[in-house]
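The values are calculated or read from the model by the stated rules, or taken from the named source; none is laboratory data. All figures in this text were calculated on a predicted structure; none of them were measured in a lab. All Cβ positions, even for glycine, are placed from backbone atoms using ideal geometry, and neighbour counts span all protein chains on display.
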Amino acid sequence: MSHKIITILRKIGVGFEAFSGSWHFFTPSDTHRTVVKGGFFRTVGECTIQGWDGILGLFTFLGQNLIALVNLLWGRAQFRWADAFLVMGQTGPQALGIVAMINFLVGLILAFVGALELARFGASIYVADLVGIATVREMGCIMTGIILCGRTGAAFAAQLGTMKVNEEINALQTFGLSPIEFLVLPRMVALILMMPFLCVFADLISIAGGFFVSVSMLDTTSTEYVSRTIQAIQLKSFLLGIVKGTFFGFLVAYTGCLRGMQSGHTAAAVGQATTRAVVSGISAIIATDGIFAVLCSALRI
């Protein structure tokens with residue numbers, strides 16, 4: 001069905017191009033004639049075909065991963081847990097440093113911004129509420145997802161793209177191994193399993209940043225800050241952040257592996273795939289977070 005639609009669009013584009021290319025415009029004196037070449041309809045047709053191919057490839061790759069996941073649950077997938085554990089080490093413990101630094105700075109910023117406004121009303125103690133709620137619901141999972149998108153998603157795209165350049169993926173298919181089950185699935189499983197722990201770690205570090213500002217610069221004791229933070233954070237807000245972070249981990253792995261598998265067979269194509277993986281991953285995270293915000297508002301979570 002998709003091939004028929006693409007063929008029809010190409011014929012329409014060629015027909016419009018031929019039709020528009022035959023238009024002749026004359027000057028008022030009819031002494032000079034200018035032929036206007038038609039390229040607009042061809043451009044529109046090519047963009048439409050590229051967009052359709054992109055959407056088709058997106059859902060095709062998603063379906064292949066779902067089938068691979070079902071095979072994994074039934075124990076029939078060409079999947080090695082050793083590869084998944086290796087990726088877990090690369091995406092989890094090795095990412096703690098950058099996750100800690102960024103989220104600590106985010107906690108500092110939230111505390112500073114909150115202190116400037118709340119101090120005008122003598123309510124500096126509520127800085128702990130602000131930092132705690134904003135961190136566990138939004139900032140912890142979003143910042144961790146963006147960090148991993150630039151760090152891990154780009155790495156996935158570069159690894160798979162380089163394997164395509166070296167014809168390693170074709171070699172796996174020659175040996176009867178599924179690239180989705182053997183290469184993509186371990187990366188997705190590893191990142192999905194590690195993301196909740198990274199989100200919890202990011203929440204603690206960000207709250208520690210707010211704690212540092214409140215205790216050192218505001219009239220707040222450590223006991224008051226910890227008490228207010230515990231009272232402000234509800235279980236549903238904490239679980240919401242974990243669920244969102246896990247889904248963001250899926251998006252990072254999905255976009256990184258998708259762009260890597262779509263990479264060309266040159267070094268420049270690998271670089272383009274890496275860039276597209278980062279841009280696509282960050283865009284998907286921000287858009288998905290907006291959807292989560294609308295749903296949470298509607299469900300009053």
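For the reader, a short list of remarks on this structure follows.
- Residues (aliphatic (A, V, I, L, M) and either more than 20 Å from the chain's Cα centre (by Cα) or under 16 Å from residue 261 (Cβ atoms) (or both)) located in the range 88-111: 101, 105, 108, 109, 110, 111
- Criterion applied to 263, 206 was being within 30 Å of residue 153 (Cα to Cα), in a loop (DSSP other than H, G, I, E, B) and touching a helix residue (DSSP H, G or I) at 6+ places or on another chain (Cβ under 9 Å), and the one residue passing it is 263.
- Of note, residue 96 does not satisfy the criterion of being in the same structural domain as residue 218 (by TED's automatic domain parsing) and either in contact with a strand residue (DSSP E or B) (Cβ under 8 Å, 6 or more places away or on another chain) or modelled with pLDDT under 90 (or both).
- Yes/no for residue 285 being farther than 16 Å from residue 147 by Cβ and modelled with pLDDT of 90 or more: no
- Residues (buried (at least 16 other Cβ atoms within 10 Å of the Cβ), over 25 Å from residue 289 (Cα atoms) and among the small types (Gly, Ala, Ser)) located in the range 109-144: 115, 124
- Condition met for residue 183 (closer than 30 Å to residue 68 by Cβ, crowded, with 21+ Cβ neighbours inside 10 Å and over 18 Å from the mean Cα position of the chain (by Cα)): yes
- Consider the range 69-84 and keep the residues that are loosely packed, with under 13 Cβ neighbours inside 10 Å and not aliphatic (A, V, I, L, M). The one that is nearest to residue 183 (Cα to Cα) is 81.
- Among residues of the range 254-274 that are hydroxyl-bearing (Ser, Thr, Tyr), none has a Cβ under 6 angstrom from a residue that is assigned to a loop (DSSP other than H, G, I, E, B) and at pLDDT 90 or above at a sequence gap of 6+ or on a separate chain.
- Complete set of residues in the range 266-301 that are over 12 Å from residue 165 (Cα atoms) and not in a helix (DSSP H, G or I): 300, 301
- Restricting the range 117-171 to residues that are touching a Lys or Arg at 6+ places or on another chain (Cβ under 7 Å) and at pLDDT 90 or above, the residue that is nearest to residue 87 (Cα to Cα): 156
- Residue match in the range 263-274 (condition: among the small types (Gly, Ala, Ser) and more than 30 Å from residue 189 (Cβ to Cβ)): yes
- Within the range 216-244, residues that are in a helix (DSSP H, G or I) have Cβ atoms under 9 Å from residues that are hydroxyl-bearing (Ser, Thr, Tyr) and crowded, with 18+ Cβ neighbours inside 10 Å in these pairs: 222/214; 224/214; 225/214; 228/220; 241/135, counting only partners at least 6 apart in sequence or on another chain.
- Every residue from the range 248-279 that is in contact with a Phe, Trp or Tyr (Cβ under 9 Å, 6 or more places away or on another chain), among the small types (Gly, Ala, Ser) and farther than 16 Å from residue 192 by Cα: 260, 277
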